[in-house]
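Inspection log for the structure reproduced underneath, given as structure tokens.
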Amino acid sequence: MGLTIAQKIIKEHLISGDMAAGSEIALRIDQTLTQDATGTMAYLEFETMGVPRVRTELSVAYIDHNTLQSGFENADDHRFIQSMAKKYGLQFSRPGNGICHQVHLERFGKPGKTLIGSDSHTPTGGGIGMLAMGAGGLDVAVAMGGGAYYITMPKMYKVNLTGKLRDFVTAKDVSLEILRILSVKGGVGAIIEWGGEGVKTLSVPERATITNMGTELGATTSIFPSDEVTKAFLEAEGRGEDYIELSSDADAVYDKIIDIDLSALKPMIACPHSPDNVVTVESLKGTKVNQVCIGSCTNSSLFDMLKVAALLKGKTIRPEVSLSISPGSKQVLAMLADCGALSDILASGARVLECACGPCIGMGFSPNSGGVSLRTFNRNFEGRSGTADGQVYLVSPETAVAAALTGEITDPVLLGSMPEIKMPEKFKIDDSAVIPPASPEDADRLPILRGPNIKPFPDSKPLEDSLAAPLVLKVGDNITTDHIMPAGAKILPYRSNIPHLSQYCFAVCDETFSERAKAAGESIIIGGNNYGQGSSREHAALVPLYLGVRAVIAKSFARIHAANLINAGIVPLTFADPDDYDKLAQGDALRIDDIYAGLDSGSLTLKDSSSDIEIKLSCSFTDRQKAILKAGGLLKYVGQGNL
């Protein structure tokens, strides 16, 4: 039996485990990346491990999220991360150099390599044939220290592409179409491989848009072949030596196959407040638009920006619309300036923002009250924009431009003919904003620079054999990490200060949660399906840990968040019968006994003394996960000599 692309990379990097779907496997990690909203905590964790220098082939620390320095907090975090990178052997990408996924694709990604990053959109690297996965910061810290990355061996899905995209139909529309087909939980437990003759028609930036958005499916990662298109991209970046050919075997077996005819697709749009709430653009024609944002790690490549500039050239945006443009990297911005496209963008009335995540993470450019905002981003969760009642839609750059020029949701086909976009044969290479580390000989005497906002990693305690605690919060399906631990300009600066951050925990769902959890001492949370979807931010586990949450019981969990809970020493449990969710009410007094025996058997009994009922819970953990939970989290487990 032949192998898929992902299976070939996994086989090459397998340290332990069986490559049968559902088995735990340990992988050797070649590259890591962090960004500043998750990086400070990851480096505090790495420092605690006591490893003198990173042991990966390459590790890069990016500054791209918290670039708004309205106080000392973000600047202090950046200084801390830079001092850590210099001392411990990481490349440091300065603020303004660009979004981690865009820069990594341009300058560091290599086909056939493994990459994990403390950002859920790390699968962007799959656009050039990497096995690239989002992970919690602690998992990244362990990988930097030379430890393996453990995952459940995924199922293999394949999307067969035929035909060719028509003008004004884009890779973003492909992403929205697969979300329409599978939903935000349709890729859970799977790697999605993109293949078929239609793949040859897609450039690397288009492929990267699709793998980036694969995160919203809940997939472990997404991946494209490494072929002549990949080779041309790497040669244009001056990295032709990094190319290897990589494809699946003709007799590879897949758990699911989906066919998409590119030539039949129409411009698509995701409506509030979920990336899978997808309809055609034409079905919403005439909807008034207040704001348009073009950029993010999904759609900020030079290819995207040149299309935007060409469509805006000689035109002016509607006076009632505010338009922002965020190039994905310094390379993209410099090339836009050199060819004159930047002038065309500016002349249209658009505002050009920094090469950073910006509005996508709620860091500025929030819409007006109740405002309709069309964004080329990957998420439109409620409140993520920074405006609680903002109505955020996800679209392609072409659809975004059409809305900016007409003031309403408009099928971009109505703009006329699509200008021809010629990509340069060579990209402008300038790595001056990437600061290399000190030599090992000089590293010992270098200080780590800390600010007063950087607080210690929250302490955990070993798992006890029984737990008696109140049900302090009950939430529904598709609770995101944005619900658990919001982002935005007011909150993100405190990502390195868990005590302060804790007051915002679950505030979107219940403003009283933090105080009630503190008062309870120890507590339990109940959730629905796909609990913890979205960002990889481990703060959504660390802050509940700080507040005394000892277990989360849900109908199902998102992959990264379940791993982050285990790493924090919080037990993620599922209902054996999902209907039992309805039997519990917030405030109930709950109890779980014989936890150690239950972990071994895979079944626990939840007792609700408030209603005198018993509920069966499932707890399917590997031996390693059980050991981590019993130790009180991954950091304590590593401290016992288990790197």
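The values are calculated or read from the model by the stated rules, or taken from the named source; none is laboratory data. Predicted model, so just to flag it, every value in this text is computed and none were measured. Neighbour counts run over all protein chains shown; Cβ positions are idealised from the backbone, glycine included.
Values for this structure:
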| quantity | calculated |
| --- | --- |
| Residues of segment 57-90 classified as touching a strand residue (DSSP E or B) at 6+ places or on another chain (Cβ under 8 Å) and either modelled with pLDDT under 95 or assigned to a strand (DSSP E or B) (or both), total | 5 |
| Tally of residues being within 22 Å of the chain's Cα centre (by Cα), closer than 19 Å to ASP580 by Cβ and either among the hydrophobic types (A, V, I, L, M, F, W, C) or assigned to a loop (DSSP other than H, G, I, E, B) (or both) across segment 504-554 | 6 |
| Members of segment 227-256 that are in a loop (DSSP other than H, G, I, E, B) and farther than 16 Å from GLY2 by Cβ | ASP227, GLU237, GLY238, ARG239, TYR243, ILE244 |
| Qualifying residue in segment 568-582 (condition: farther than 27 Å from LYS185 by Cβ and more than 22 Å from the chain's Cα centre (by Cα)) | no |
| Whichever residue in segment 120-133 is in contact with a strand residue (DSSP E or B) (Cβ under 6 Å, 6 or more places away or on another chain) and either assigned to a loop (DSSP other than H, G, I, E, B) or not aliphatic (A, V, I, L, M) (or both) and, among such residues, is surrounded by the fewest Cβ atoms within 10 Å (Cβ to Cβ) | SER120 |
| Any hit, segment 208-226, residues being outside the structural domain of PHE377 (by TED's automatic domain parsing), outside any helix (DSSP H, G or I), over 23 Å from the mean Cα position of the chain (by Cα) and not hydroxyl-bearing (Ser, Thr, Tyr) | no |
| Segment 159-185, residues that are within 11 Å of LEU265 (Cβ to Cβ) and among the acidic types (Asp, Glu) | ASP173, GLU177 |
| Selection status of PHE168, assigned by TED's automatic domain parsing to the domain that holds THR114, in a helix (DSSP H, G or I) and of a type in the set (Phe, Trp, Tyr) | no |
| Those residues of segment 439-463 which are buried (at least 16 other Cβ atoms within 10 Å of the Cβ) and farther than 21 Å from ALA75 by Cβ, in sequence order | PHE457, PRO458, SER460, LEU463 |
| Hits in segment 370-416 (condition: of a type in the set (Ser, Thr, Tyr) and in contact with a strand residue (DSSP E or B) (Cβ under 9 Å, 6 or more places away or on another chain)) | SER373, THR376, SER385, THR387, TYR393, SER396, THR399 |
| Test: residue in segment 91-101 that is touching a Phe, Trp or Tyr at 6+ places or on another chain (Cβ under 6 Å), buried (at least 24 other Cβ atoms within 10 Å of the Cβ) and part of a helix (DSSP H, G or I) | yes |
| Segment 452-477, subset β-branched (Val, Ile, Thr) and in a loop (DSSP other than H, G, I, E, B), residue farthest from PRO572 (Cα to Cα) | ILE454 |
| Failed item in (1) of a type in the set (Phe, Trp, Tyr); (2) surrounded by fewer than 22 Cβ atoms within 10 Å (Cβ to Cβ); (3) assigned to a helix (DSSP H, G or I), with PHE621 passing the rest | (3) |
| Any chance SER283 is under 25 Å from GLU382 (Cβ atoms), small (Gly, Ala, Ser) and assigned to a helix (DSSP H, G or I) | yes |
